[in-house]
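Shown next, in C-alpha cells, is the structure this report addresses.
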Amino acid sequence: MSSSTGSDIVVTGATGNVGTSVVRLLSEDPGVASVRGLARRVPEWAPPKTEWSGVDLASEDVSLTGLFEGAAAVVHLAWAFQPTHDPAVTWRTNVLGSIRVFEAVAAARVPVLVHASSVGAYSPGPKEHAVDESWPTHGWPDAAYCREKAYLERALDTFERDHPQVRVVRMRPAFLFKRESASEQRRIFGGRFLPGQAARPDLLPFLPDIPGLRVQALHTDDAAEAYRLALRTQARGAFNLAAEPAVDAGLLAEMFDARPVRLPRTAARSAIAAAWNLRLLPASPHLFDAVLRLPLMDCTRARTELGWRPEHSATEVLREFLRGLRSGNGEATAPLRGRKVG
C-alpha cells in the first residue's frame with residue numbers, strides 16, 4: 001500500500017496482543033478504506049471500518065484466497081504459543097498455517113505481505129552490543145518458538161524469490177507488552193492460576209540475577225505503528241523493533257525496589273524444567289535457554305527507512321504491563337480477556 005487512500009487491509013491474528021493494536025491503528029488511519037480481521041473466534045469488539053471473519057489457520061480445509069482477493073496488503077500476525085508440550089500442534093498453526101497465508105497472498109495477487117517475525121528468529125548473539133538485520137536467523141534449535149520463526153524466514157526467502165512482484169516486509173520485534181495483554185501473557189507464560197498480585201514489589205524483596213538474562217522490550221502499540229508505517233511506505237525487508245534501555249536484573253531490581261541475587265543458569269533452568277515437566281508452568285525450559293542467547297537488536301534501519309520512533313521506553317512498558325498484571329486487565333477479545341487471580 002502506498003500513502004494513497006482507499007486501501008483494504010487483511011490482518012490475521014487480529015484479536016491478539018499485536019493484532020488488536022494493529023487493527024485499532026489501521027481503523028483510525030484515513031488512508032485505510034477497510035480492515036478485515038481474521039481470528040479463530042470473532043470478537044464483540046467493533047472498531048471502525050472493520051469486518052471480522054472466523055478462520056482457523058491450522059485447518060487444511062480453510063481457503064484464504066477468497067478472503068485476500070482485492071486486498072492492498074496482508075498483515076500476518078497469527079501465532080499460537082501453546083501447547084508447549086506438543087510442538088507438532090503449534091507447528092501446524094504457526095508454520096503450515098503461515099505457508100498457507102503466503103500461498104494465498106500469491107494466488108490472490110496481493111501486492112504487499114507484512115509478516116510478524118521476531119527477535120526469536122535470530123541465532124545466538126551478543127549481549128554487550130546490538131546487531132542489525134543481517135545477523136543470521138537460524139534461531140535456537142531446541143525451542144519450538146525460535147525453530148518456527150527461523151523456518152518461516154527461510155520460507156519467505158523462497159517466497160520472495162518466486163514472487164518478486166510482492167513487497168515483503170519482515171518485522172522482528174523484541175518482547176511485546178501492553179496493559180491489555182497482561183492477563184493473556186500471564187496465562188501463556190506463567191499459567192492460568194498464577195496470581196497477578198505476585199508482581200507486587202512488597203512481595204519480591206529479591207530478584208534472581210541470571211547470567212545472560214538481558215533482553216529488550218517494546219510497547220505493542222509502538223510495534224503496531226511500525227507495521228502501519230511499513231504499509232504507508234515502499235519499504236522492503238527486515239526491521240528490528242525495540243525500545244531502550246535493555247532489560248536486565250539491575251533494571252528490574254530498581255523497578256521492584258528489590259535486591260538482585262546472583263543465580264546460576266543451571267539452578268534457574270532446573271527449577272523451570274521441573275515446573276514445566278509437572279505441567280505447573282507453561283513456559284518451557286527450552287524457551288528459557290533461547291532467551292539467554294538472544295542478541296540485542298540495533299533498530300537504526302526502522303528509524304531511518306520507516307521514520308519510526310517508539311513513544312514508550314522499556315521501563316515505561318514494563319511498569320504499564322505490571323499494573324495490568326496486578327489488576328487483571330484485558331480487552332474484549334477471546335485471547336486478551338482479562339482475569340484477576342489472587
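Here, each number is a calculation from the coordinates, and none is a lab measurement. What you are looking at is a predicted structure, and each value in this text was computed from that prediction instead of being measured. Neighbour counts are summed over all protein chains in view; Cβ atoms, including those assigned to glycine, are modelled from backbone coordinates with ideal geometry.
Side notes on the structure shown:
- Using the Cβ-Cβ distance between Ser270 and Ala155 with R0 = 35 Å, the FRET efficiency computed as 1/(1 + (r/R0)^6) comes to roughly 0.50.
- Dipole of the chain, positive end: most advanced residue of Tyr122, Ala46, Val247 [Cβ charges, Cα centre]: Val247
- With respect to the chain, whose longest principal axis is taken over its alpha-carbon atoms, helix 17-28 is tilted by about 40°.
- Surrounding net charge for Pro245, when Lys and Arg each add one and Asp and Glu each subtract one, Cβ distance under 12 Å: -3
- Within the chain, longest stretch free of exposed GluC sites (Glu not before Pro) [DSSP loop, at most 16 other beta carbons within 10 Å]: 129-310
- Acute angle (nearest 10 degrees) that the helix 314-327 long axis makes with the longest principal axis of the chain, alpha-carbon atoms: 80 degrees
- Helix 97-107 vs. the chain, principal-axis angle (Cα, 0 to 90°, nearest 10): 20 degrees
- Anisotropy class of the stretch 41-189 from Cα gyration tensor, a/c 1.5 cut: oblate
- Helix-only mean residue ellipticity at 222 nm for the chain, each DSSP H run of n ≥ 4 adding -39500 (n - 2.57), per residue, nearest 500: -9500 deg cm²/dmol
- Charge dipole magnitude, Cβ of K and R +1, D and E -1 - the chain, Cα centre, debye nearest 20: 700 debye
- When only alpha carbons are used to place a centre, the stretch 120-192 and the stretch 73-115 end up 13 Å from one another.
- Fewest-first ranking of Lys149, Lys127, using other Cβ atoms within 10 Å as the exposure measure: Lys127, Lys149
- Restricting the stretch 296-342 to trypsin sites (Lys or Arg not before Pro) in coil, as DSSP defines it, with at most 16 other Cβ within 10 Å: Arg337, Arg339, Lys340
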